[in-house]
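A quick write-up on the structure given underneath.
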Amino acid sequence: MKVTQLYCVRHLPAVTCSLVGVALLAIGANAVLDLNTSEAAKVVSAPERARALQLALIIGNGNYPDAAEPLSQPINDASGLAYAMRRHGFDVDVVEDATKADMARAVERLKSRIIPGSVVMLFFGGYGVQSRHETYMIPTDAVIWTEGDVRHEGMSVETLLHAVKERGARATLAVIDASRRNPYERRFRSYSHGLAPVNAPDNALIISSNTPGKVADDTKGEHSVLVTELLNELNAPVSAEGVFNKTRVAVFRASNGAQMPSVSSSLLEDVHFSRGNDPDLTTASITPTE
């Protein structure tokens, strides 16, 4: 055997051990890197998951071409409620003076972000019209001359609530501030019929601005009576259902009995607007009912 070959044979185990050691060090370094990357991902994704679990779609429509004058309150209501919901940890999408296409796109954005277990908050301020015992939210570009146009041009509250439920939302809260005399119904009815009772899916809580079948005149304030009192009650240390019921009573009193909001609930769990020590980190929570 040649000397060179003998040298290689004698030193082969040592070389192999060295190579194995380098490989193990590399694997260890990669494992640490992967761990650090994983931990970094957790830091980034945790807030994202929290936001995805609390979503709000807020629509305020004020400028209807068919109306004698713009509605001043829905835009202010949308802005004020959006600010309040953000302070409660909700990821908020605000749409103002929404056309039919704008509303459809906003709903698709909402549906795409719902994950199982989400709490979803919906607000609509503007004109609402009932047809065939359903309430339709009216976009600003609606062309309505017959009752059939209401169903074609508007967006059904019930259809939206069921769509949110089908996407996996754990609970849905809805504020429908649309019990106004509108410029559409007088074209095919003698008077405005107000809103219809909502046939909600399971685990939904809805408050509308007046008793079904009745309408209310806007006040002179910055916000509607419903939103004014809701903002006042939102931080009460009670469940969301308690907040809505307290709002209902407060509106009745503030309007001297002229306006009685309707609250309907199919909640299977208590939803709370929880407040922490830091108002910028507040969250909504869900606890099973007994």
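The values are calculated or read from the model by the stated rules, or taken from the named source; none is laboratory data. All of these numbers come straight from a predicted model, not from anything done at the bench. Methodologically, a virtual Cβ is constructed for each residue, glycine included, from the backbone with ideal geometry; neighbour enumeration extends over all protein chains shown. Heavy atoms of the whole protein, side chains included, go into the accessibility calculation; ligands, DNA and RNA do not. Shrake-Rupley method; radii C 1.70, N 1.55, O 1.52, S 1.80 Å.
Here are the numbers:
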| item | result |
| --- | --- |
| Simple label model, 7 Å out from Cα along Cβ direction - N199 to A258, nm | 3.4 nm |
| Burial order of peptide ranges 67-73, 154-160, 171-177 (average beta-carbon count within 10 Å, highest first) | 171-177, 154-160, 67-73 |
| Enclosed volume per residue, in Å³, of the convex hull spanned by Cα atoms of the range 81-154 | 106 Å³ |
| Separation of the R187 and E69 label points, Cα + 7 Å toward Cβ, nm | 2.3 nm |
| Sequence of H152, H88, H272 when ordered by accessible area, the most exposed leading, probe 1.4 angstrom | H152, H272, H88 |
| From phi via Karplus (6.51, -1.76, 1.60), per-residue ³J(HN,Hα) for the range 189-204 in Hz, x at Gly/Pro | 9, 7, 7, 6, 8, x, 9, 8, x, 8, 8, 8, x, 4, 6, 10 |
| Principal semi-axes in Å for the range 69-202 [√(5λ), Cα gyration tensor, largest first] | 25, 17, 13 |
| With every protein chain in place, the range 105-209: carbon and sulfur % of accessible area (1.4 Å) | 48 percent |
| Separation in nanometres of the label points that stand 7 Å from Cα toward Cβ, at R151 and L268 | 3.0 nm |
| FRET E, pair A236, D93, Förster distance 30 Å, beta-carbon r, rounded to 0.05 | 0.75 |
| Other-chain or far-sequence residues with amide H under 5 Å of G89's (modelled H) | T282 |
| With DNA, RNA and ligands ignored, accessible area of Y83 (1.4 Å probe; Å², nearest 10) | 140 Å² |
| From phi via Karplus (6.51, -1.76, 1.60), per-residue ³J(HN,Hα) for the range 226-233 in Hz, x at Gly/Pro | 4, 5, 4, 6, 5, 4, 5, 9 |
